[in-house]
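Read-outs: derived from the displayed coordinates by stated rules, not from any lab. Here the structure is a predicted model, which is why all the values come from computation and not from measurement. In this analysis, Cβ positions are derived from the backbone assuming ideal geometry, glycine residues included, and neighbour counts consider all displayed protein chains.
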Amino acid sequence: MKNLLYAAIVLLTLAACKDKKAIAEAEPVAKPAPAPTTLAMQTPEQAFKDSIVIEFEKSPCFGRCPVYNVKVYGSGFALYEGINFTEKMGMYTTKFTKQEIDEIVKIAEAINYDSLKDEYDDKNVMDLPSTYSAVRIDGKLKRIKARMDVPLALKNFNENLSVTLLEKKWVEYSDY
């Protein structure tokens with residue numbers, strides 16, 4: 001019985017070797033053309049248009065605080081996401097003009113937004129929502145968390161930014 005098993009293994013091995021030899025002698029398969037080596041590059045202006053220029057977010061609290069975020073891109077495209085306790089729940093979109101974006105950036109520059117601290121908070125206080133805002137100034141996106149001990153200029157900026165963003169006519173984003 002053992003000999004029969006050995007003979008079957010030897011025959012299968014020889015058959016496999018014969019198939020490999022036939023494959024090696026067969027016509028070569030055409031290889032696909034190599035991919036082009038050039039990469040599509042964006043100019044800095046194109047990259048800026050696709051970058052976030054303004055961002056605003058309200059975080060939850062232990063109560064019924066509105067929770068939402070807004071992203072405005074250099075092209076003017078804006079995306080709103082209502083998460084909880086907001087008039088608009090879900091995804092919405094609108095368009096900002098270059099002048100509207102420039103005005104927000106100009107106000108941020110006027111309060112020296114880019115020189116403010118990255119965070120105003122007191123980790124011992126629990127039940128307050130955070131306001132996150134971000135503005136791209138001179139190509140750099142500066143993001144600030146504001147919750148406690150927020151300077152008046154930043155507090156006013158965030159309140160005005162919130163009103164400016166929310167008063168736009170937002171249309172439900174159906175592709176989401």
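Output ³J(HN,Hα) for region 108-115: one whole-Hz value per residue in order, computed from phi by the Karplus curve 6.51 cos²θ - 1.76 cosθ + 1.60 with θ = phi - 60°, and x for Gly and Pro.
Per residue, the Karplus-derived 3J(HN,Hα) values read 4, 4, 5, 9, 6, 3, 5, 9 Hz.
Exceeding 18 Å between C-alpha atoms, which entries from my cross-link table qualify? They are Lys88/Lys145; Lys117/Lys140; Lys71/Lys140; Lys140/Lys169; Lys117/Lys142. Numbers along the way, then the final one.
Numbers: Lys88/Lys145 23 Å; Lys117/Lys140 15 Å; Lys71/Lys140 15 Å; Lys140/Lys169 28 Å; Lys117/Lys142 10 Å.
The pairs that break the limit, which is 18 Å between Cα atoms, are Lys88/Lys145; Lys140/Lys169.
Fewest to most neighbouring Cβ within 10 Å: what's the order for Met126, Met148?
Details: Met126 8, Met148 14.
Ordered from fewest to most neighbouring Cβ atoms within 10 Å, Met126, Met148 come out as Met126, Met148.
Could you run the Karplus curve 6.51 cos²θ - 1.76 cosθ + 1.60 with θ = phi - 60° over region 155-164 and give me ³J(HN,Hα) per residue in whole Hz, x for Gly and Pro?
Karplus-based 3J(HN,Hα) across region 155-164 equals 4, 5, 4, 4, 5, 5, 5, 4, 4, 4 Hz.
Rank these for me by crowding, Tyr80, Tyr120, going from fewest to most other beta carbons within 10 Å.
Values: Tyr80 24, Tyr120 18.
Taking fewest neighbouring Cβ atoms as first place, the list is Tyr120, Tyr80.
Using the Cα gyration tensor of region 44-172, with a ≥ b ≥ c the square roots of its eigenvalues, what is the shape: rounded (a/c below 1.5), prolate (a/b larger than b/c) or oblate (neither)? Intermediate values should be presented prior to the final figure.
Numbers: a/c = 2.02, a/b = 1.17, b/c = 1.73.
It comes out oblate by the Cα gyration axes.
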